[in-house]
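Some notes on the structure that comes next.
The values are calculated or read from the model by the stated rules, or taken from the named source; none is laboratory data. On a predicted model such as this, the values are computed, not experimentally measured, just so you know. All Cβ positions, glycine included, derive from the backbone under ideal geometry; neighbour counts span all protein chains shown.
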Amino acid sequence: MAFAQFEPNYDENKVPKFIVPDPLTSFDGTQIKNTGDWSKIRRPELLAFFENEVYGKVPGNLDDISFKILEENTNALSGTAHIKQVEVTLKKDTESLSFTILMYLPKTTGKIPLFLGLNFYGNHTVTNDENVIVSSAWSMNNEGFGIKDNTATEKSRGVRINRWDISSIIASGMGLATIYYGEIDPDKNDFSDGLHSLFYEAGQEKPKADEWGSIAAWAFGLSRAMDYLVQDSSVGKVIVFGHSRLGKAALWAGAMDDRFAAVISNDSGCGGAALSKRRFGETVGRINESFPHWFCDNFNVYNNNEEALPVDQHQLLALIAPRPLYVASAQEDEWADPKGEFLSAHYTTSVYGLFGKKGIGTTEMPEVNMPIQNTVAYHIRTGIHDVTDYDWEQYIKWAKKFVE
Ligand code: GTR
């Protein structure tokens, strides 16, 4: 069935009626009344569901991981920041894969809290600094960014500065670590390259139905970056951040790996923060048709069949509890269903409540540009699907409450 032929629904009156699966009722009907039962019964079964039916599981363990500092400069950003480029190499049998973490740290002493996020076009696109290495990994063609033949060049240096407010992050006393997602797994429906191929059995050409798609591979990359960050003595708490498809990856990384102190989803939409059962904007069928490599093949069962899902995305978000969680939307980003993102954050409240943490009690969406910043935070800003200085301003303000 070609889901792309269906007109996406943007009419609130046409949202189907559905029951929001209760985070505190287990699949066999057991009521979850305390954090012990949440951690022992409910959380593991939800995590297993998302692992086997949505994002797919990692099929094995690496043999080795190693880190190499490629560049270090204590006088970056006109002398205000310390920059590091660290190569992470993953090994499995005879195969290996490397990606580079670009880090900007304020020149302060002590452990620096930082945001860790994947970027879409290469580390060199988030800065004008000429020392930042231009990735040689597969890149999405983009004429405006001077990327053709899937190869990045000098021309794309700095083209995504607008999405990474590094100077405000540094001025706040926090740092930024970023990685080009294409170095972990190229974003195309082809499983011959990237992380997946390291784990194949003899003769295998693509992951099995319950094995990882690209989102889970990007999330795995974030966790391997975390393996480095936890042993870097200058790094404190790490907040995993992501926009759009990379917001989906940040959420999955945060759910799987509790070393991430907090999680930020910026406009992550379908398969991210938004409730699938609302079928508003992008739907499960649409996303699986447009991006067949993002989720595991088992997720196709729910194409145009969201009512059959025994879970919804608020339960992915709840897996992050009791750690701080920020969900953000943009007013003009209807494709990502801002209301579905908001409600999803709201429906985690009972789980955060078990831990004595404050979620979002109301089902009423806040006005635009009026953030709610509890342990669970939410804002909808004016504008389009993007990451803006306004978004960073909110994330920094919120993060400062718990990182020190
Ligand atoms: C869109 C996709 C969304 C979102 C977005 C992005 O085409 O339908 O789910 O992930 O791409 O990553 O920018």
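Listed by first and then second residue, the pairs linking a residue in segment 336-365 that is part of a loop (DSSP other than H, G, I, E, B) to a residue that is aliphatic (A, V, I, L, M) and within 16 Å of the ligand (Cβ to nearest atom), with Cβ atoms under 6 Å apart and 6 or more places separating them unless they lie on different chains, are Asp337/Ala274. Condition test on Gly247, is it under 17 Å from the mean Cα position of the chain (by Cα), within 12 Å of the ligand (Cβ to nearest atom) and touching a residue at least 24 places away in the same chain (Cβ under 8 Å)? So Gly247 fits the description; yes.
Taken over segment 265-298, the residue count meeting the criterion of being within 15 Å of the ligand (Cβ to nearest atom), at negative phi and of a type outside the set (S, T, N, Q) is 18.
Out of Asp232, Asp258, one residue alone is more than 23 Å from Asp337 (Cα to Cα), within 17 Å of the chain's Cα centre (by Cα), of a type in the set (Asp, Glu) and away from the ligand (no atom under 14 Å from the Cβ). It is Asp258. Scanning segment 201-212 finds no residues that are buried (at least 19 other Cβ atoms within 10 Å of the Cβ), farther than 24 Å from Pro292 by Cα and in contact with a helix residue (DSSP H, G or I) (Cβ under 7 Å, 6 or more places away or on another chain). Restricted to segment 299-308, and to residues there that are surrounded by fewer than 18 Cβ atoms within 10 Å (Cβ to Cβ) and assigned to a helix (DSSP H, G or I), the residue that is nearest to the ligand (Cβ to nearest atom) is Asn300. In segment 136-188, which residues are part of a helix (DSSP H, G or I), of a type in the set (Val, Ile, Thr) and either free of Cβ contacts under 8 Å to residues at least 24 places away in the same chain or in contact with a Lys or Arg (Cβ under 9 Å, 6 or more places away or on another chain) (or both)? Hit for segment 136-188 is Ile170, nothing else. Quick check on Ser344: is it closer than 29 Å to Glu45 by Cβ, away from the ligand (no atom under 16 Å from the Cβ), outside the structural domain of Asp210 (by TED's automatic domain parsing) and not aliphatic (A, V, I, L, M)? Criteria not met by Ser344.
Just so you know, in segment 313-335 the residues that are within 16 Å of the ligand (Cβ to nearest atom) and not in a helix (DSSP H, G or I) include one that is farthest from Trp252 (Cα to Cα), and it is Glu332.
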